[in-house]
Each structure stands twice: as C-alpha cells, then as structure tokens.
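The values are calculated or read from the model by the stated rules, or taken from the named source; none is laboratory data. If you're wondering where the values come from, they're calculated on a predicted model, not measured in any experiment. In this analysis, Cβ positions are derived from the backbone assuming ideal geometry, glycine residues included, and neighbour counts consider all displayed protein chains.
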Amino acid sequence: MPKVKVKRASTTIDMTAMCDVSFLLLTFFILTATARAPEPLPVDTPASVTQVKVPDTDLGLITVGDDGKVFFGVKDRNVRARMLELMSEKYSVPFTDQERARFSLIESFGVPVRTLKQLIALDANAQTQPGLQPGIPVDSTKALSNELFHWVYSARVATKELHNVEMRVSIKGDADEKYPAIKKVMDVLQSQQVNKFSLITSLKSTVE
C-alpha cells in the first residue's frame with residue numbers, strides 16, 4: 001500500500017514585529033544616553049586592581065595634571081551654582097544670573113576666580129582647549145590665595161545646604177605626577193578635616 005505524503009508547512013517566520021521592537025529599544029537608548037563631556041585636563045591615571053565605583057552624586061572631583069595643574073568640579077548643577085555664589089561673596093567678584101547658569105553647566109574647571117568670567121563667556125568647545133586653563137591656585141595656607149581650599153569648602157557647604165549630606169571627595173591624578181603635587185591637594189583637604197577621600201585609578205588586569 002503506497003505511503004501518504006504529508007504536506008510540509010512553511011517554516012518562514014515573520015520578523016517584522018521583532019525588527020520593530022529592536023528599533024524601538026535602539027531609539028530609546030540613544031535618546032536617554034548622556035554624552036560624556038570632554039575633559040579640560042585629561043590625565044593618565046595609575047592602574048590598580050580595586051573595583052570600587054565612584055559615586056554619581058554629592059561628589060567633588062579634584063584633578064591633578066602631569067604639570068601640576070589643579071582642576072575642580074562637582075557633579076550636581078545646583079551645587080555648582082550655589083558654590084559660585086559663595087565664592088562670589090568670598091572674593092567680591094560679582095556674577096550675573098546668566099553667568100551662574102552657564103557656570104552650572106561646566107563639569108570641571110581650572111582658572112583663578114578673577115578670570116572665571118572669561119572662561120564662562122566661551123562656548124563649550126573653546127573651554128576645553130588644551131592649555132587654555134592654567135589651573136586653580138593652591139597654597140599651603142587658608143588665605144585667599146589658596147583658591148582650591150575655598151572652592152572645596154564652598155562646594156561642601158552648598159552640598160550640605162541643598163542635599164543635607166556631606167560631600168565626598170575624589171582625587172584624580174596623573175600617573176607621572178610627582179608626589180608633592182598630590183600631597184599639596186591632600187593637605188588642603190586635611191586642613192578642612194576631610195581625611196576620607198578616594199583616589200581614582202584605571203583597572204589593572206590581574207593576569208600576569
């Protein structure tokens with residue numbers, strides 16, 4: 001008796017719905033992604049095997065370049081604006097509302113406070129040109145000449161006022177930087193009784 005052949009059904013799968021979902025997800029990630037701002041003072045950080053994530057909020061970042069330049073920045077825009085107000089009162093340098101708003105967009109800077117207006121007036125690309133910013137003045141005293149001391153202090157006060165928490169501090173230093181430059185920054189922090197801070201490093205492979 002002859003075999004009855006069973007007609008095979010088509011194995012074609014309609015992928016239209018899958019493609020739609022993929023494009024929707026891709027669009028979502030593109031629209032919600034945050035572009036990383038270029039660093040005005042790029043540094044080559046030393047390597048370590050420690051894997052502790054730097055916090056995204058209530059953080060002050062001090063960057064020390066290979067030529068001893070010191071830059072400072074805070075994460076929160078409102079803290080930046082309030083920090084500038086406090087520095088304006090401290091150094092008797094007035095800033096307009098527009099200047100404070102523009103300054104709140106600058107993640108990191110390295111100029112003396114009396115030339116800050118010129119930096120704020122530049123567009124974002126010009127602000128990050130190599131060699132433009134000479135660094136924040138740092139001395140071993142609490143006088144007005146030690147501007148880093150007062151920037152850090154103002155940022156701590158602003159963070160406490162706005163978020164009611166203590167600002168955490170991280171130091172990002174170049175791997176080729178000499179110890180005295182880093183020590184000077186540490187002395188500024190310790191003069192404010194800030195004895196707990198983190199050093200930012202790049203991840204080192206544990207495979208020999």
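Going by what's in this entry, would Val157 be described as touching a residue at least 40 places away in the same chain (Cβ under 8 Å) and surrounded by fewer than 20 Cβ atoms within 10 Å (Cβ to Cβ)? Yes: the conditions hold for Val157.
Of everything in segment 52-90 that is in contact with a His (Cβ under 7 Å, 6 or more places away or on another chain) and more than 15 Å from Ile120 (Cβ to Cβ), the residue that is surrounded by the most Cβ atoms within 10 Å (Cβ to Cβ) is Asp58. Look at (1) farther than 21 Å from Gly68 by Cα; (2) of a type in the set (A, V, I, L, M); (3) at pLDDT below 90 and you find that Val165 fails only one, number (3).
When residues in segment 109-121 are screened for being part of a loop (DSSP other than H, G, I, E, B), surrounded by fewer than 20 Cβ atoms within 10 Å (Cβ to Cβ) and in contact with a strand residue (DSSP E or B) (Cβ under 8 Å, 6 or more places away or on another chain), 0 of them pass.
All conditions in (1) over 23 Å from Gln190 (Cα atoms); (2) free of Cβ contacts under 8 Å to residues at least 60 places away in the same chain hold for Val111, with the sole exception of (1).
Sort out which residues of segment 122-149 are among the β-branched types (Val, Ile, Thr), under 23 Å from Lys196 (Cα atoms) and either in a helix (DSSP H, G or I) or touching a residue at least 12 places away in the same chain (Cβ under 8 Å) (or both), and write them in order of number. If the condition is that a residue be among the β-branched types (Val, Ile, Thr), under 23 Å from Lys196 (Cα atoms) and either in a helix (DSSP H, G or I) or touching a residue at least 12 places away in the same chain (Cβ under 8 Å) (or both), then Ile136, Val138 are the ones that fit.
Only a single item in (1) outside any helix (DSSP H, G or I); (2) within 19 Å of the chain's Cα centre (by Cα) is not met by Val152, and it is number (1).
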